[in-house]
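Below you'll find the structure, written out as structure tokens, and then a few comments.
The values are calculated or read from the model by the stated rules, or taken from the named source; none is laboratory data. Worth saying up front: this structure is predicted, and the values here are computed from it rather than measured. No Cβ is skipped: glycine too gets one built from the backbone with ideal geometry, and neighbour counts run over all protein chains shown. These accessible areas exclude ligands, DNA and RNA; they are computed on the full protein's heavy atoms, side chains included. Shrake-Rupley method; radii C 1.70, N 1.55, O 1.52, S 1.80 Å.
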Amino acid sequence: MSSISNCLFTAAVLIAFAIEIIATQTMDARIRDDSDLSQFYQLLEASQVANTTLTYRHVTVFAPTNRAFQKYNGTTKNLVLYHMSNFPKTIENLGDSISSELEGNPPLWVTRRPGTHGQEVYINNAKILIDRSNFQSKVSVGGDVKTQVLHIINEVLEPVRSNSMELPIYSPNAFEFLNQSENLDLGVHRLRIFRQRILTEKKEDVFKADGRYTFLIPVEEGFRPSPRPEKVDRVVIDGHVIPNHVLFTTPTPHNIPYQTLAFSDNVKVTVSFLKEHDKVYVQSNTLVGDAGHPTGVVLAEIIKPNIPVRNGVIHLIQRPLMVVDTTVKDFLESFKGIEKRDGPVYKFYEIIRDFGGDIMSTISHLRDVTLFAPSNAAFEEPGVQKILQDKERVKEMLNLHYVKDRLPIEKIKNKSVNQKSYEKPYRVPTAAEKKKLYFNVAQDSNGKPIITVEGGGVNATIITANIAATNGLIHIIDRVLGVPYTTVLEKLKTDPMLNSTYFLGQRQGFNDQLNDTSTRFTYFAPRDYAWKVAAVSYPSTSKKIFMPEFSYHTKQILERHLVIADEVYTMAKLKEMKHNDTIVLPAARDSLKLRIREYSENDKYDENMIRPETLVYQIEWEGKWIRVYRPDVECTNGIIHVIDDVLLKDSDVRVTGTASATSLASHLIMILVAKWLL
């Protein structure tokens, strides 16, 4: 017992000794002994002011890692002082900003946001590495105890710097930054035209105001063509300023709208940040406009981000926001320069240029057009790369991506949400022959509405909507339409129109075969509306189909709809195949005998259509003509034709004495087994 007590006492002494060592370790020693801070420590040693601060004063140090310095290509002169403050602040005690020790005491801006493992904290654009931060030490100076705090950050903090020895600039506000921009280290960028517009419209006070702002400043290159500068009026200038938020690019959430100063009863403009790969864009969205300020989105790349000023942060952007003065064709071609290869839809433009033939010319001559432009990431799908080898297929795919009308997202959303009839969900014809787009409104995990568009069997989400052009709109989507990437099973599982067919197919493992990529399927799949029609036409049979005890019959009915062969059958191919007006196909159950025809719906006006239907397909089975609502939904292992009726007969499900006896026998067996076990 005595031995154990001695061991515990020794351990307690060792722990206390270790704590004393930690408590008395100086800030200088802590930075010096961390090999990952060696580059910062070199700057610290070389700065007399920094050394004096560490020796005699309260201080908070934000120390970048060596990796942060490897990514930094700016000057290091006096840089260390921008990483120090004479206020000792732990992470918990950091406010909205903290002044630095650099000449003029420019502020360091603090951002907090929720992260995967708790709250994340940023200083300007640099993330504090929380698990390595909050080190505290004490320094005694003439009887006074000075507190010193160390935080480790993942990015070097870069202040505004003058390139003129005669006109040094310390901690400018946004207007002083603009006014002295020629004397600042901004590379090739010039800001004279936007500054002149501010002076002409007498909006200097907006940029001089104290507070927390985000300023979006377009560079000179973005003011071409020449009429564009005159369109930057007082309202447009206000649309480049976000009040009450200092938004650095890394901590700012993706695609969250912030109100600008141009947000009143007459005009309402928001700005959001979009991130793709290593590029960041801002988009203005004019929700409510007037004669001089049309509604819609204008997209601009941030070409020099995160410039801290005394009243917030400045981002230099590629072009003015809110100004709509280019066509859809101009928008696409704005990414053709070699330096724009990573523009948000550059790859789509490239494919139109190389394979599209006269598509660009057609788009430019349309007065109203809506383009569904896939993002660059969408073209990384292996299936897309394969299709690019087939020029004719590419042309058809490209035609699927534009509609000869204006389709703002609000119209799509309202038509989709307000559509009460299952018979006619919102759909529009495309430039591709007999191909339509189908829209659906869903909700993400946060309850936020998301708009999906389906074309050629591919379901895509609109990720950036309503980019405005003088002759139409552009919506950026996350997939290439018409290039299948799912199996028949995966398509059934995710298609909002085929819920019932998928649900019934889960019975007795019918759906399992549809994931087989070595087989080719042609599936005449009833949409949910068709099952509702069947419930009216065959109420007794339909009711039994959805009952588990009739799963065998349900499977047989679905097998009638499924063709299994060495090839897939598009509707066009089936129409070509008909001999003596009848086609016989190898269905999973017996054979499927059909007739095919096209008929005109021009006399049936549909308010949801942009223009009346021309020709649609119908199949005839057992004397009934059935509309093919969505033909040729392509999948990686087959094709789906979505039809308006179930291939169903009233005699398909019969409750016979045999069936009843079988059901009774199974119950009796279970009872006998239970008794035997007892």
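In contact with a strand residue (DSSP E or B) (Cβ under 9 Å, 6 or more places away or on another chain), of a type in the set (Phe, Trp, Tyr) and closer than 24 Å to residue 622 by Cβ: is that true of residue 546 in this structure? Give the steps one after another, and end with the answer.
Numbers: in contact with a strand residue (DSSP E or B) (Cβ under 9 Å, 6 or more places away or on another chain): no; of a type in the set (Phe, Trp, Tyr): yes; closer than 24 Å to residue 622 by Cβ: yes.
Spelling it out, it is not the case that residue 546 is in contact with a strand residue (DSSP E or B) (Cβ under 9 Å, 6 or more places away or on another chain), of a type in the set (Phe, Trp, Tyr) and closer than 24 Å to residue 622 by Cβ.
Any idea which of (1) closer than 23 Å to residue 281 by Cα; (2) in contact with a helix residue (DSSP H, G or I) (Cβ under 9 Å, 6 or more places away or on another chain); (3) assigned to a helix (DSSP H, G or I) is the one residue 196 doesn't satisfy?
Failing condition for residue 196: (1).
I need the full set of residues from the stretch 260-286 which are surrounded by fewer than 20 Cβ atoms within 10 Å (Cβ to Cβ) and closer than 18 Å to residue 233 by Cα, in order please.
261, 263, 264, 265, 266, 268, 270
Is at least one residue of the stretch 512-521 open to solvent by 30 Å² or more (accessible area, probe 1.4 Å) and over 28 Å from residue 380 (Cβ atoms)?
yes
Quick check on residue 134: is it polar (S, T, N, Q), within 26 Å of the chain's Cα centre (by Cα) and at pLDDT 95 or above? Quick ask: steps written out before the conclusion?
Details: polar (S, T, N, Q): yes; within 26 Å of the chain's Cα centre (by Cα): no; at pLDDT 95 or above: yes.
Judged against the criteria, residue 134 is not a match.
Only one residue in 451, 467, 462 is surrounded by 21 or more Cβ atoms within 10 Å (Cβ to Cβ) and modelled with pLDDT of 90 or more. Which one? Steps first, please.
Numbers: 451 fails: surrounded by 21 or more Cβ atoms within 10 Å (Cβ to Cβ); 462 fails: surrounded by 21 or more Cβ atoms within 10 Å (Cβ to Cβ).
None of the others qualify; the one that does is 467.
Is it the case, given these coordinates, that residue 308 is out of contact with any Gly (no Cβ under 9 Å at 6 or more places or on another chain) and either open to solvent by less than 50 Å² (accessible area, probe 1.4 Å) or aromatic (Phe, Trp, Tyr) (or both)?
Details: out of contact with any Gly (no Cβ under 9 Å at 6 or more places or on another chain): yes; either open to solvent by less than 50 Å² (accessible area, probe 1.4 Å) or aromatic (Phe, Trp, Tyr) (or both): yes.
The answer is yes for residue 308.
Checking the structure you have, find out if any residue of the stretch 582-589 is in contact with a helix residue (DSSP H, G or I) (Cβ under 7 Å, 6 or more places away or on another chain), open to solvent by 50 Å² or more (accessible area, probe 1.4 Å) and not in a helix (DSSP H, G or I).
Taking the stretch 582-589 as the starting set, the residues that turn out to be in contact with a helix residue (DSSP H, G or I) (Cβ under 7 Å, 6 or more places away or on another chain) are 583, 587-589.
Next, from what is left, pick out any that are open to solvent by 50 Å² or more (accessible area, probe 1.4 Å): 589.
After this cut, where a residue has to be not in a helix (DSSP H, G or I) as well, the list is 589.
The answer is yes, given that some residue of the stretch 582-589 is in contact with a helix residue (DSSP H, G or I) (Cβ under 7 Å, 6 or more places away or on another chain), open to solvent by 50 Å² or more (accessible area, probe 1.4 Å) and not in a helix (DSSP H, G or I).
Counting just the residues of the stretch 341-364 that are touching a helix residue (DSSP H, G or I) at 6+ places or on another chain (Cβ under 8 Å) and open to solvent by 40 Å² or more (accessible area, probe 1.4 Å), which one comes out modelled with the lowest pLDDT?
Ranking the candidates gives 342 first.
Regarding residue 68, is this residue part of a helix (DSSP H, G or I) and of a type in the set (A, V, I, L, M, F, W, C)?
Details: part of a helix (DSSP H, G or I): yes; of a type in the set (A, V, I, L, M, F, W, C): yes.
The answer is yes for residue 68.
Need pairs with beta-carbon distance below 6 Å; first residue more than 14 Å from residue 123 (Cα to Cα) and in contact (Cβ under 8 Å) with a residue 60 or more places away in the chain and within the stretch 305-318, second open to solvent by 20 Å² or more (accessible area, probe 1.4 Å) and not acidic (Asp, Glu); sequence gap 6+ or separate chains.
Qualifying pairs under 6 Å: 311/211; 311/213; 315/305; 316/189; 316/303; 316/304; 318/303.
Inspect all residues belonging to the stretch 203-220 and state whether any of them is at pLDDT below 95 and part of a helix (DSSP H, G or I).
yes
Of the residues 55, 75, which is over 19 Å from residue 127 (Cα atoms), touching a residue at least 12 places away in the same chain (Cβ under 8 Å) and exposed (fewer than 14 other Cβ atoms within 10 Å of the Cβ)?
75
In the stretch 411-448, what residues are farther than 22 Å from residue 626 by Cα, open to solvent by 20 Å² or more (accessible area, probe 1.4 Å), modelled with pLDDT of 85 or more and not in a strand (DSSP E or B)?
Answer for the stretch 411-448, where residues must be farther than 22 Å from residue 626 by Cα, open to solvent by 20 Å² or more (accessible area, probe 1.4 Å), modelled with pLDDT of 85 or more and not in a strand (DSSP E or B): 411, 413, 414, 431.
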